[in-house]
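The block underneath contains the structure these notes are about, expressed in structure tokens.
The values are calculated or read from the model by the stated rules, or taken from the named source; none is laboratory data. The model shown is predicted, which means the values in this text are computed figures rather than measured ones. Using ideal geometry, Cβ is built from the backbone for each residue, glycine included, and neighbour counts are taken over all protein chains shown. Accessible surface is based on the protein model in full, side chains and every heavy atom, while ligands, DNA and RNA are left aside. Shrake-Rupley method; radii C 1.70, N 1.55, O 1.52, S 1.80 Å.
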Amino acid sequence: MEVLDGNKVATEIKNEIAESVKRNLKLNKRPPHLAAILVGKNGASETYVAAKVKACEKVGFVSSLIRYEENISEEKLLKKIEEINFDDKIDGLIVQLPLPKHINEIKVTQSINPSKDVDGFHPLNLGKMQLNLPTYISATPAGIIELLKRYNIKTSGKHCVVVGRSNIVGLPISILMGKNNEIGNCTVTLTHSRTKNLKHITNQADILIVALGKAEFIDKSMIKEGVCIIDVGITRVKSNKTKSGWKLLGDVNFNSVKESCSYITPVPGGVGPMTIAMLLQNTLKSANKEVY
Ligand code: NDP
């Protein structure tokens with residue numbers, strides 16, 4: 001079994017991005033600028049946004065973190081997004097999800113200028129992804145594809161089973177894995193909470209991508225010998241063994257499957273760091289006007 005080291009690959013990508021920023025600076029181009037909006041005080045969201053801002057600094061980007069209280073009105077949030085949409089000095093805008101219940105996430109996602117939608121959640125960018133047109137592919141699916149590519153994992157003709165059909169992970173990665181691309185050409189089965197006999201299906205997977213948000217859900221009995229496992233799940237659980245008092249668990253029981261799979265992404269250190277690296281890559285693409 002080989003561990004797919006997301007930290008290592010993400011560092012390679014971030015170094016490439018930092019080099020590109022330096023080259024642009026020499027040409028008197030300003031550094032890419034990512035703006036992030038964070039509403040409320042969700043612990044996990046705070047952690048994710050802090051990691052994104054820190055990653056921006058490391059590669060030489062400018063970042064702006066705009067914080068709002070939980071009770072901000074939808075109108076005020078949309079007004080801020082519109083202001084950023086027209087700000088020529090900002091290349092990428094992300095609004096950290098989930099948002100409080102009184103705010104319509106779909107409305108917010110659609111209000112972001114597609115040319116700055118570096119999360120790739122806007123319907124226009126999702127449609128472009130479907131048609132293989134230049135676009136921002138959302139960071140987590142893009143990170144999975146890049147990880148498979150850099151580890152030279154063959155996907156053509158394989159059976160890829162995806163567990164979870166969310167708009168940000170399961171659905172887009174199922175589309176990408178079925179595309180006629182270098183990393184793609186799989187026969188894809190997309191499963192969800194209504195899937196009957198899930199175990200029977202996951203047992204047929206050559207590549208198993210798991211994104212359902214249930215800690216250690218997949219165990220040895222659910223996989224075939226030699227499967228490549230991509231564990232997207234992140235669940236924070238209390239722990240008295242860590243300094244922070246929390247530890248992160250994936251959707252796969254690592255110890256149970258480790259002897260049976262060919263490859264596996266660890267949690268933490270697998271898909272998570274790749275997601276951040278791809279967000280930076282999308283922001284660089286925006287600054288370089290490679291998409292719009
Ligand atoms: P969502 O909660 O949006 O979607 C979960 C999906 O899993 C749904 O499609 C749901 O089905 C399905 N599901 C739930 N229970 C089962 C079950 N028992 N059997 C089969 N399918 C089931 O999750 P996200 O996609 O947003 O996130 C999934 C996980 O990935 C979370 O732990 C999240 O924290 C993590 N994540 C990690 C990222 C990273 O960078 N590593 C980035 C984004 C997410 P249905 O549609 O029928 O409800």
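Cβ-Cβ distances below 8 Å connect the following pairs, each with a first residue in segment 18-41 that is touching a residue at least 12 places away in the same chain (Cβ under 8 Å) and among the small types (Gly, Ala, Ser), a second residue that is open to solvent by less than 90 Å² (accessible area, probe 1.4 Å) and part of a helix (DSSP H, G or I), and a separation of six or more residues or different chains: Ala18/Val59; Ser20/Leu284; Ala35/Ile84; Ala36/Val49; Ala36/Lys52; Ala36/Val53. Please tell me if Gly143 is within 29 Å of Lys199 (Cα to Cα), open to solvent by less than 10 Å² (accessible area, probe 1.4 Å) and not charged (D, E, K, R). Taking the combined requirement at face value, the residue satisfies it. Within segment 226-238, being open to solvent by less than 20 Å² (accessible area, probe 1.4 Å) and either assigned to a loop (DSSP other than H, G, I, E, B) or more than 11 Å from the ligand (Cβ to nearest atom) (or both) holds for Val227, Cys228, Ile229, Gly233. Between Val252, Val271, the distinction of being within 9 Å of the ligand (Cβ to nearest atom) and open to solvent by less than 20 Å² (accessible area, probe 1.4 Å) belongs to Val271 only.
Table: residues versus (1) over 18 Å from the mean Cα position of the chain (by Cα); (2) away from the ligand (no atom under 16 Å from the Cβ); (3) under 30 Å from Val3 (Cβ atoms); (4) assigned to a strand (DSSP E or B).
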site: His102; (1), (2), (3), (4): yes, yes, no, no
site: Gln110; (1), (2), (3), (4): yes, yes, no, no
site: Asn125; (1), (2), (3), (4): no, yes, no, no
site: Lys128; (1), (2), (3), (4): no, yes, no, no
site: Gly143; (1), (2), (3), (4): no, no, yes, no
site: Leu147; (1), (2), (3), (4): no, no, yes, no
site: Gly157; (1), (2), (3), (4): yes, yes, yes, no
site: Val162; (1), (2), (3), (4): no, no, yes, yes
site: Ser166; (1), (2), (3), (4): no, no, yes, no
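So which residues in segment 169-186 are outside any helix (DSSP H, G or I) and either free of Cβ contacts under 8 Å to residues at least 40 places away in the same chain or surrounded by fewer than 21 Cβ atoms within 10 Å (Cβ to Cβ) (or both)? Of everything in segment 169-186, those that are outside any helix (DSSP H, G or I) and either free of Cβ contacts under 8 Å to residues at least 40 places away in the same chain or surrounded by fewer than 21 Cβ atoms within 10 Å (Cβ to Cβ) (or both) turn out to be Lys179, Asn180, Asn181, Glu182, Ile183, Gly184, Asn185, Cys186. Selection within segment 190-200: residues that are under 26 Å from Pro268 (Cα atoms) and surrounded by 14 or more Cβ atoms within 10 Å (Cβ to Cβ). The member of this set that is nearest to the ligand (Cβ to nearest atom) is His192. Filtered by the rule that a residue be out of contact with any Pro (no Cβ under 9 Å at 6 or more places or on another chain) and within 15 Å of Val62 (Cβ to Cβ), segment 5-19 gives a lone residue, Ala18. The conditions of being closer than 19 Å to Ala139 by Cβ, modelled with pLDDT of 95 or more and touching a Ser or Thr at 6+ places or on another chain (Cβ under 9 Å) are met by Ala36.
Restricting Ser286, Ser260 to those that are of a type in the set (S, T, N, Q), open to solvent by less than 30 Å² (accessible area, probe 1.4 Å) and either assigned to a helix (DSSP H, G or I) or free of Cβ contacts under 8 Å to residues at least 40 places away in the same chain (or both) reduces the list to Ser286. The requirement of being modelled with pLDDT of 95 or more and in contact with a Cys (Cβ under 6 Å, 6 or more places away or on another chain) is not satisfied by Leu27. Listed conditions (1) free of Cβ contacts under 8 Å to residues at least 40 places away in the same chain; (2) out of contact with any strand residue (DSSP E or B) (no Cβ under 8 Å at 6 or more places or on another chain) are all met by Asn85, apart from (2). Determine whether Leu97 is open to solvent by 90 Å² or more (accessible area, probe 1.4 Å) and among the hydrophobic types (A, V, I, L, M, F, W, C). In short, no. With respect to the conditions (1) open to solvent by less than 40 Å² (accessible area, probe 1.4 Å); (2) part of a loop (DSSP other than H, G, I, E, B), Ile209 falls short on a single one, namely (2).
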